[in-house]
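Visitor: Take this structure, written in structure tokens, and hold onto it; I'll ask about it next.
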Amino acid sequence: MLNFTHTLSRRPRIEIIRGPGSAIYGANAFLAVVNIITKDAADVDGAEISAGGGSYGTQQYNMMFGKKINDLDIYANLNFLDTDGFKGFVPQDRQTTNDANMGTHASLAPGYTNARQQKYDLNFGAKYNDFAFKGKYVNDHRGLFAGVGNALDDSGHFNFENYFMELSYAHAITGNMDFSAKAYRDYSFRDSLFVIYPPGYANPKGSFPDGFIGAPTFKSTKQGAETQFIWEQTKSNKMVFGAMMEKQRQFDVGQSTNYNPITGAPLGSFQDVSSWANYSANTSRNFWAIYAEDLLDIRDNLKLTTGARYDRYSDFGGTFNPRAGLAWEFSKGQNLKLSYGTAFRAPAFSELYNFNNPVSMGNPNLKPEKINTLEASLRLELTKSTSSQVTLFRNDIRDAIALSAPNPVTGIAQFENLQTVTSEGVELELKTKFDGGSYLSMNYTYQDPKDSVTGRLPDVPSQRVNVVANWQINRQFNLNSQLFLKGSTPRAKGDTRGEVPGYGLVNTTLIAQNLSGRWDGLELRLSLYNLFDRKYVDPAPANTLLADYPKPGRSFFAEARYKFD
């Protein structure tokens, strides 16, 4: 997608904006931007409820309300999810791999992963003339799957609580200039229990009958403001100017453990060690940014988009990120696009300041990751109903942040700007539309990612294929099926295991809607995942889970939705 400004259309959809997006969106818009345009009051225009359930004891409920009353728009959406989660069998974990630094081999393996989750998600907002307010609340409690240290545990958990509020104003100053401004605050609280190694664990410093346990906690806020002007200078030239500032803060950092975080020796009880052996810093940083974008129609069939943004952080300094794109429709339905852009990822506080940690250590000298991307794509309409596109790309990432090799004595790794990563490849797309809303689409990606440390980048497949078939059977029934193919995945350097085998998955969803009579407004969905019960895994690091991370077999989810006028 060539136009990478903030969208002006409110039609609900998900936009995937390819390539680095820091020229407008700032930090962490690294490889692409996913812009989710949610429903507003006019889209809902009433109330909708849904209830669903499926495999792994999964239950999900949703209530949505939206109404436009004169100049006032109000909406709210509440979602609740509760699931036991997929329980994958693990024959061996990190504690049973004969790692000489791990002490005794107390382990819950063979055993099962813990993916238990309970989540509340509330979105709400209102709009009156030029003013709008929106808020969000999330409470998420989940298990740690294969354990925070790749040693199975069935009691560890991660808790996340988040509040977000935003007040905005948008007004057309003149017939060709729009002004908008917003102020926001984002608050998060994280509280976890990490059973790093299970009951019975011992190291040279002592034994831990209850396990090697830590409970870190912290709070964080992001608060800031942004203003933007959109100036339609002429019908063929639109310009965007913006500025923002934000303060990020991490505070009330604390932890309780039953071990000495400095020496690894047992403490004899589970206790608060924040005053003398905390795991991270109470810290903050500020940044400000300015950006501009120009959308120019050089000719009716030739469009140029240019933009740039400068961000200035109080901890690591400034970074400048440009982006440019040229689109040429050389004949009707046929076009060529060229684009270039850069982006950055700011180091997280955990990567900078974590310490007294038995797994990973922060590094306050980290620099931001940077990426340069070059893309060329050719789109052709082969027939009135069939289109295709081929895209060539090259990504160059420098100062990539990753964990170093564990210290041979302590077994602890540190975050470093270790790698320069280069990835070249091609993406092929084909889509055919049929009468009545049916279609068939295919996507194939080949990439060759390499890094400066190991050569071929591990844990990334070279080939992926997506095939989607949508059959609009009639006005009432629609069947959507997806085939996903993933090629084999190479291991990290020094990992003596063979490549992780590739696999293919089929997911399908049957939708029933537009039912007549008293069932008007009812929609039913039945989804089957991994339809043919394919056994497959994702790669786990060497000396952890020798059989890798297990993935779910066949599962289902059924849902009923009802909309009230």
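Visitor: Kindly indicate which of Ala308, Ala343 is surrounded by 16 or more Cβ atoms within 10 Å (Cβ to Cβ), touching a Pro at 6+ places or on another chain (Cβ under 8 Å), assigned by TED's automatic domain parsing to the domain that holds Val409 and modelled with pLDDT of 95 or more.
Guide: The unique qualifying residue is Ala308.
Visitor: Now, a different point. For the range 271-281, name all the residues that are outside any helix (DSSP H, G or I) and either assigned by TED's automatic domain parsing to the domain that holds Gly325 or surrounded by 15 or more Cβ atoms within 10 Å (Cβ to Cβ) (or both).
Guide: Of everything in the range 271-281, those that are outside any helix (DSSP H, G or I) and either assigned by TED's automatic domain parsing to the domain that holds Gly325 or surrounded by 15 or more Cβ atoms within 10 Å (Cβ to Cβ) (or both) turn out to be Val273, Asn278, Tyr279, Ser280, Ala281.
Visitor: Take Ile213 and tell me if it is crowded, with 19+ Cβ neighbours inside 10 Å, β-branched (Val, Ile, Thr) and in contact with a Ser or Thr (Cβ under 9 Å, 6 or more places away or on another chain).
Guide: Yes: the conditions hold for Ile213.
Visitor: A further question follows. Has the range 255-263 got any residue that is touching a residue at least 40 places away in the same chain (Cβ under 8 Å), farther than 20 Å from Tyr353 by Cα, surrounded by fewer than 16 Cβ atoms within 10 Å (Cβ to Cβ) and out of contact with any Ser or Thr (no Cβ under 7 Å at 6 or more places or on another chain)?
Guide: There is no residue in the range 255-263 that is touching a residue at least 40 places away in the same chain (Cβ under 8 Å), farther than 20 Å from Tyr353 by Cα, surrounded by fewer than 16 Cβ atoms within 10 Å (Cβ to Cβ) and out of contact with any Ser or Thr (no Cβ under 7 Å at 6 or more places or on another chain).
Visitor: Here's a follow-up. Just to confirm my filter: which strands (runs of 3 or more DSSP E) fall fully inside the range 352-451 and include at least 1 residues that are assigned by TED's automatic domain parsing to the domain that holds Gly341?
Guide: 369-381, 386-403, 413-433
Visitor: Restricting attention to the range 154-182, which residues are part of a strand (DSSP E or B) and polar (S, T, N, Q)? Give the derivation first.
Guide: Start the filter on the range 154-182 by keeping residues that are part of a strand (DSSP E or B), which leaves 157-174, 177-182.
Residues satisfying the conditions are Asn159, Asn162, Ser168, Thr174, Ser180.
Visitor: Can you tell me which residue among Thr432, Thr373, Thr445, Thr386 is within 20 Å of Asn28 (Cβ to Cβ) and among the hydroxyl-bearing types (Ser, Thr, Tyr)?
Guide: Thr373
Visitor: Do the conditions hold for Pro216, that is, is it in the same structural domain as Asn139 (by TED's automatic domain parsing), within 30 Å of Ala106 (Cα to Cα) and part of a strand (DSSP E or B)?
Guide: Considered against the rule, which asks whether it is in the same structural domain as Asn139 (by TED's automatic domain parsing), within 30 Å of Ala106 (Cα to Cα) and part of a strand (DSSP E or B), Pro216 comes out as yes.
Visitor: Only one of (1) free of Cβ contacts under 8 Å to residues at least 60 places away in the same chain; (2) of a type in the set (D, E, K, R); (3) closer than 23 Å to Arg398 by Cα fails for Arg309. Which number is that?
Guide: (1)
Visitor: With the structure loaded, tell me whether Thr113 is out of contact with any strand residue (DSSP E or B) (no Cβ under 9 Å at 6 or more places or on another chain) and surrounded by 16 or more Cβ atoms within 10 Å (Cβ to Cβ) or whether it fails that test. Spell out the reasoning first.
Guide: Numbers: out of contact with any strand residue (DSSP E or B) (no Cβ under 9 Å at 6 or more places or on another chain): no; surrounded by 16 or more Cβ atoms within 10 Å (Cβ to Cβ): yes.
So Thr113 fails the test.
Visitor: What tally of residues in the range 243-270 results from selecting those that are in a loop (DSSP other than H, G, I, E, B) and acidic (Asp, Glu)?
Guide: 0
Visitor: Restricting attention to the range 61-73, does a residue exist that is part of a strand (DSSP E or B), of a type in the set (Asp, Glu) and either modelled with pLDDT under 95 or surrounded by fewer than 18 Cβ atoms within 10 Å (Cβ to Cβ) (or both)?
Guide: Yes, the conditions are met somewhere in the range 61-73.
A quick yes/no check of all residues on (1) at pLDDT 95 or above; (2) crowded, with 19+ Cβ neighbours inside 10 Å; (3) on the phi > 0 side of the Ramachandran plot:
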{"position": "Glu351", "(1), (2), (3)": "no, yes, no"}
{"position": "Phe355", "(1), (2), (3)": "no, no, no"}
{"position": "Pro358", "(1), (2), (3)": "no, yes, no"}
{"position": "Leu366", "(1), (2), (3)": "no, yes, no"}
{"position": "Leu380", "(1), (2), (3)": "yes, no, no"}
{"position": "Leu403", "(1), (2), (3)": "no, no, no"}
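Visitor: For the structure I just gave you, tell me whether Gly85 is within 30 Å of Tyr163 (Cα to Cα), modelled with pLDDT under 95 and crowded, with 16+ Cβ neighbours inside 10 Å.
Guide: no
Visitor: Under 7 Å by Cβ, and 6 or more places apart or on different chains, what pairs join a residue from the range 471-500 that is without any contact (Cβ under 8 Å) to a residue 24 or more places away in the chain with one that is surrounded by fewer than 16 Cβ atoms within 10 Å (Cβ to Cβ) and of a type in the set (S, T, N, Q)?
Guide: Final answer for the pair search is Phe484/Asn466; Glu499/Ser488.
Visitor: Among the residues of the range 519-539, is there at least one that is at negative phi, surrounded by fewer than 17 Cβ atoms within 10 Å (Cβ to Cβ) and free of Cβ contacts under 8 Å to residues at least 12 places away in the same chain?
Guide: yes
Visitor: Quick check on this structure: which one of Leu122, Leu108 is outside any strand (DSSP E or B) and touching a residue at least 40 places away in the same chain (Cβ under 8 Å)?
Guide: Residue meeting the stated conditions: Leu108.
Visitor: Oh, and also: Only one residue in Phe194, Phe229, Phe287 is farther than 29 Å from Ala27 by Cα and either part of a strand (DSSP E or B) or not polar (S, T, N, Q) (or both). Which one? Before the answer, list the steps.
Guide: Numbers: Phe229 fails: farther than 29 Å from Ala27 by Cα; Phe287 fails: farther than 29 Å from Ala27 by Cα.
That would be Phe194, the only listed residue that is farther than 29 Å from Ala27 by Cα and either part of a strand (DSSP E or B) or not polar (S, T, N, Q) (or both).
The values are calculated or read from the model by the stated rules, or taken from the named source; none is laboratory data. A quick note: this is a predicted structure, and the numbers were derived from the prediction, not measured. Using ideal geometry, Cβ is built from the backbone for each residue, glycine included, and neighbour counts are taken over all protein chains shown.
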